[in-house]
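One structure is given below, encoded as structure tokens.
The values are calculated or read from the model by the stated rules, or taken from the named source; none is laboratory data. As the structure is a prediction and not an experimental result, all values here were calculated from the model. Virtual Cβ from ideal backbone geometry, glycine too; neighbours counted across all protein chains shown.
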Amino acid sequence: MNRCIFIGNMTKDPELRFVPASGMAVCKFGLALNDGYGDKKTVSYINCVAFAKTAEAIANYTSKGSKVAIESRVQTGSYDKKDGSGKVYTTDFIIDKIEFLSKQETGNTPSGNSFVPSNDEDVFNPVDPGEDIPF
């Protein structure tokens, strides 16, 4: 099974391009993933790629620093360096689903498989500490 789920912040603005032959949208961006806390906090950086409508939504509704949740699959590859000095090995995460977790300044909400909470919407329902938890 090749499934990966991450929540992180975008390290740069997404790069949207279109494949000349088919016109399909391709969006690439980096994602910073935090792990641990305090002195044991670490950050991992991954490369993400999205296609078609998902790519266009990412380009339209996110920017550097945006928090997103992605469901993806890992894809490895390689290519020869332009100067002929060897191979470069790549690891990319191909996005299947994305949720936009940052609040939007403009109030625009993308449609489809995306979610943007409004500024006044409480995403979490607090639990009363005196209340019995049903599990």
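The table below gives the values:
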| quantity | calculated |
| --- | --- |
| Matching entry among V123, V74 (being part of a strand (DSSP E or B) and either of a type in the set (V, I, T) or at pLDDT 50 or above (or both)) | V74 |
| Among the candidates K28, K53, residue that is surrounded by 13 or more Cβ atoms within 10 Å (Cβ to Cβ), closer than 13 Å to D96 by Cα and not hydroxyl-bearing (S, T, Y) | K53 |
| Top-ranked residue of the stretch 20-55 - restricted to ones that are of a type outside the set (S, T, Y), closer than 18 Å to D92 by Cα and not in a strand (DSSP E or B), ranked as farthest from the chain's Cα centre (by Cα) | A52 |
| Among (1) loosely packed, with under 12 Cβ neighbours inside 10 Å; (2) farther than 20 Å from S102 by Cβ - the single one Y45 does not satisfy | (2) |
